[in-house]
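Since the structure comes first, as structure tokens, the remarks are kept for the end.
The values are calculated or read from the model by the stated rules, or taken from the named source; none is laboratory data. These figures come from a predicted structure and were not determined experimentally. FYI the Cβ positions are ideal-geometry reconstructions off the backbone, even for glycines, and counts take in every protein chain you see.
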Amino acid sequence: MLCPYHAWSYRLDGSLRRAPGFDGTGIFDPSVHGLVELPCAEWHGLVFVNPSADAGDFSAQVEGLEDIVAPYELERLVTRGHHDYVVSANWKVLSENYQECYHCPSIHPELCAVSPPRSGENYHHPAGSWVGGWMEIREGYQTMSLDGTSSASPLRGLDDLHRKIVDYIAIFPNVLVSLHPDYVMTHVLTPLAPDRTRIVCEWHFAPEDAASDEFDPSFAVDFWDVTNRQDWLACESVQRGLSSPHAVPGPLSEEEDGVYQFVTMVAAAYAGKAPRPASASVPDRAVRAERSAQPG
Ligand SMILES: [Fe+2]
């Protein structure tokens, strides 16, 4: 690794390899000028850095998520789409927006065309530091794209249920993982200021598809770029509203129980406790699938 500023180079373990101009001076000890070492955890190809070094056991953070995320084999997927946005909104406004589809009929006509906005349920798993839920893909459509068709294969190993739904998971504090039948989309939110957030959105596909030069990821990238920008405009509007001296918190609708889980998780973290969502009585996916199978 080479620092583009003064060309100091580092080994992959972070130790300093060479600092131009300091060779042979006898007053420079490279061993004390390595990169700062921080605890980190790798999970399904995602790297979580613990910059304060007191975040606790990472496995507790993702407790209950393994069964949901593992079938998608995110660690083997290939990134074939990358968008970098800067949005004039607080990171929590953006994350709250991700937790609910109450707003979908108003601002997401493309999304509603391929996924019923009131379909699915949120998970109830207050042990881990995450919140999420799933939504269904309309009958006859393959995935979340502008026309509901896909240019990729379904990810190997997904059962029939996983081929008809999209899981939307927010891992505290700033990673959003959207699990589709044929691709995974990730958002990483980095606060730049109280009212500004950088969002890196990436799309990941099976190597069998993505290795080919002919593979075109635009069916997924274009759909979510349209939808992302609709959300960013809405969130910037929320941020403007919040800056008013007359802004007061409103009630959450029943469709926003995911937001409730998220804000209680944030509140716990601000209070110095482990960030865990408050309990909410919602069925898990197995119960939901059972209900769907019942006639009438
Ligand atoms: Fe949205």
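Only strands (runs of 3 or more DSSP E) whose full extent lies in segment 127-246 are considered here, and the ones with at least 3 residues that are in contact with a His (Cβ under 7 Å, 6 or more places away or on another chain) are 196-205.
I137 passes every criterion in (1) more than 13 Å from the ligand (Cβ to nearest atom); (2) at pLDDT 95 or above; (3) surrounded by fewer than 20 Cβ atoms within 10 Å (Cβ to Cβ); (4) not small (G, A, S) apart from (3). Just one residue in the set V78, V69, V49 is free of Cβ contacts under 8 Å to residues at least 60 places away in the same chain and either among the hydrophobic types (A, V, I, L, M, F, W, C) or over 21 Å from S178 (Cα atoms) (or both); that residue is V49. When residues in segment 115-126 are screened for being part of a loop (DSSP other than H, G, I, E, B) and under 12 Å from Q261 (Cα atoms), 4 of them pass. Looking across segment 132-181, the residues that are closer than 18 Å to G258 by Cβ and hydroxyl-bearing (S, T, Y) come down to Y168, S178. Residue pairs whose Cβ atoms lie under 6 Å apart, sitting 6 or more positions apart in sequence or on different chains, and linking a residue in segment 22-34 that is outside any loop (DSSP other than H, G, I, E, B) to a partner that is among the aliphatic types (A, V, I, L, M), are P30/L16.
Are any of the residues in segment 76-98 within 16 Å of the ligand (Cβ to nearest atom), among the small types (G, A, S) and surrounded by fewer than 18 Cβ atoms within 10 Å (Cβ to Cβ)? No, segment 76-98 contains no residue that is within 16 Å of the ligand (Cβ to nearest atom), among the small types (G, A, S) and surrounded by fewer than 18 Cβ atoms within 10 Å (Cβ to Cβ).
Quick check, is H103 within 16 Å of the ligand (Cβ to nearest atom) and in contact with a Cys (Cβ under 9 Å, 6 or more places away or on another chain)?
Details: within 16 Å of the ligand (Cβ to nearest atom): yes; in contact with a Cys (Cβ under 9 Å, 6 or more places away or on another chain): no.
Taking the combined requirement at face value, the residue does not satisfy it.
Could you look through segment 211-235, keep only residues that are of a type in the set (F, W, Y) and within 16 Å of the ligand (Cβ to nearest atom), and pick out the one that is nearest to H83 (Cα to Cα)? Please lay out each step first, then the result.
Our first condition is that a residue be of a type in the set (F, W, Y); within segment 211-235, this holds for 215, 219, 223-224, 232.
Those still in the list that are within 16 Å of the ligand (Cβ to nearest atom) too: 223-224, 232.
Working: F223: 13, W224: 10, W232: 13 Å.
Selected residue: W224.
Annotation note: of V238, V175, V200, the sole residue that is at pLDDT 95 or above, surrounded by fewer than 20 Cβ atoms within 10 Å (Cβ to Cβ), over 18 Å from the mean Cα position of the chain (by Cα) and β-branched (V, I, T) is V238.
Taking segment 135-158 as the range and being under 20 Å from the mean Cα position of the chain (by Cα) and of a type in the set (G, A, S) as the test, only S145 passes. Screening T264 with (1) under 30 Å from Y141 (Cα atoms); (2) of a type in the set (S, T, N, Q); (3) at pLDDT below 95; (4) more than 16 Å from the ligand (Cβ to nearest atom) gives one miss only, at (1).
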